[in-house]
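The block underneath contains the structure these notes are about, expressed in structure tokens.
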Amino acid sequence: MMPDTFLMACRFVHDAALMMLWGGFGYLAALVPRRLAGPIADRLAGSRLVAVGLALATTLLALPIQTAMIGDGWTDAVNGRVLTDVLMTTSVGTAWLAQLAAVVILVFSQLSPARFKTAATAGAAALGLAALAFSGHAVMQGGWQGVVHPLNDVLHVLAAGAWIGALPPLLIVLAQFGQPPFKAEATVALRRFSTAGHWAVALAILSGIGNSLFIVGWPLGISPTYRALLTAKIVVVFLMTAAAILNRYWFVPRLGRYRASALAAIRTGTLAEIGLGLAAILLVSIFGLLDPIGGN
């Protein structure tokens with residue numbers, strides 16, 4: 001398998017893991033009442049450690065894979081001299097060091113006291129996502145765009161991560177809705193998610209539009225492959241937004257009168273959003289490595 005295919009897979013796993021940690025544990029730390037957030041965090045402890053391990057493993061693999069892409073193939077991936085040259089003299093190496101520092105902080109955040117672990121995990125994962133702005137298309141411009149584009153990219157990944165990552169713990173919150181002993185806490189958590197979700201969705205969409213304009217400009221001069229994948233991502237985000245709107249404005253108001261059917265519909269919509277969110281991350285992992293203006 002070619003190194004670029006491996007790198008796309010690494011990017012997908014890495015980005016998805018960090019988004020789930022940031023969005024999921026950020027939701028628990030900031031919006032879910034502590035009495036309910038604690039049991040949910042405990043229930044997700046195994047998933048949290050797996051995600052942290054995946055973020056670390058994909059970070060460690062990224063440098064050899066990128067070295068193979070820059071050099072003469074897989075033999076350079078294990079060539080110490082070539083690895084050192086890439087690490088010390090290229091923007092790829094600088095970006096990798098930033099990402100490694102962030103993931104090391106993430107690993108050590110798992111040693112935090114229990115009462116701080118949820119917030120520490122979310123904060124460290126946010127740093128990991130922000131570090132992604134040091135690589136890819138966001139650092140290929142100069143002048144004011146070379147400053148604003150990476151900042152917009154950070155906003156985009158954090159907003160998208162807050163949206164997508166909060167969905168798995170939301171499923172657990174929904175299971176507690178209307179049920180003792182966490183009926184009141186689940187109601188508060190659902191209401192807060194609905195409010196914060198508006199901002200996360202709006203910021204993710206607006207910053208995504210900004211990223212597209214920064215990368216391909218206007219009028220759009222864009223390669224066929226990049227255009228097809230970007231269009232596919234736009235369709236996926238449109239479907240995610242439609243599912244979120246349907247949940248919020250059609251099914252949530254029916255929880256009082258038709259609780260069982262409305263909850264089932266919200267769970268289905270949330271699962272659909274998770275699947276679509278993973279599809280969007282996969283598409284970005286692929287076209288993020290392509291030349292947007294080139295012939296492919």
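What follows is calculated from the coordinates using simple rules that are stated; it is not laboratory data. Remember, it's a predicted structure, so these values are computed and weren't measured experimentally. Every residue, glycine as well, gets a Cβ built from its backbone with ideal geometry; the counts of neighbours run over all protein chains shown.
Details
- Residues whose amide H falls under 5 Å from that of residue 223, counting only those 5 or more places apart or on a different chain, are 293, 294, with hydrogens built in the peptide plane.
- Rg to Rh, two decimals, where segment 143-296 supplies the alpha carbon set and Rh follows Kirkwood: 1.07
- Principal-axis analysis of the Cα atoms of the chain puts helix 80-89 at an angle of about 80° to the longest axis.
- Take the Cα of residue 179, go 7 Å toward its beta carbon, and the backbone nitrogen atoms of segment 14-39 under 20 Å from that spot belong to 28, 32-39.
- Centre separation in Å (Cα based) which lies between segment 177-215 and segment 234-294: 12 Å
- Estimated 222 nm signal from helices in the chain, with DSSP H stretches of n ≥ 4 weighted -39500 (n - 2.57), rounded to 500: -27000 deg cm²/dmol
- Working ranking of peptides 31-44, 106-119, 248-261 by packing, defined as the average number of other Cβ atoms within 10 Å per residue, highest first, is 31-44, 106-119, 248-261.
- Within a Gaussian network of the chain (alpha carbon springs, distance under 10 Å), most fluctuating of 94, 225, 75: 75
- Percent breakdown of C-alpha pair distances by 10 Å bin, ordered from the shortest bin, for segment 107-205: 14, 31, 33, 15, 5, 1
- Helix axis angle, 91-109 relative to the chain longest principal axis, alpha carbon, degrees: 30 degrees
- For a paramagnetic label modelled on residue 257 (point 7 Å from Cα along Cα→Cβ), amide N atoms under 19 Å away are absent within segment 189-206.
- Largest GNM mean-square fluctuation across 99, 66, 179, computed for the chain with C-alpha springs under 10 Å, falls on 179.
- Phi-derived couplings, Karplus 6.51 cos²θ - 1.76 cosθ + 1.60 at θ = phi - 60°, listed residue by residue for segment 149-163: 4, x, 5, 5, 5, 4, 4, 5, 5, 6, 5, 5, x, 5, 5 Hz, with x used for Gly and Pro.
- Distance histogram in 10 Å bins (all Cα pairs of segment 142-188, percent per bin): 25, 26, 21, 15, 10, 3
- Note on residue 289/residue 35: beta-carbon distance plugged into 1/(1 + (r/R0)^6) with R0 of 35 Å gives a FRET efficiency of 0.20.
- Helix 3-30 axis, angle to the chain major axis (alpha carbon atoms, nearest 10°): 30 degrees
- Theoretical gain in end-to-end length, residue 209 to residue 246 [0.36 nm per residue, Cα-Cα removed]: 11.1 nm
- Derived scalar couplings ³J(HN,Hα) [segment 184-191; Karplus, 6.51 cos²θ - 1.76 cosθ + 1.60; whole Hz; x for Gly, Pro]: 5, 5, 5, 4, 4, 5, 5, 5
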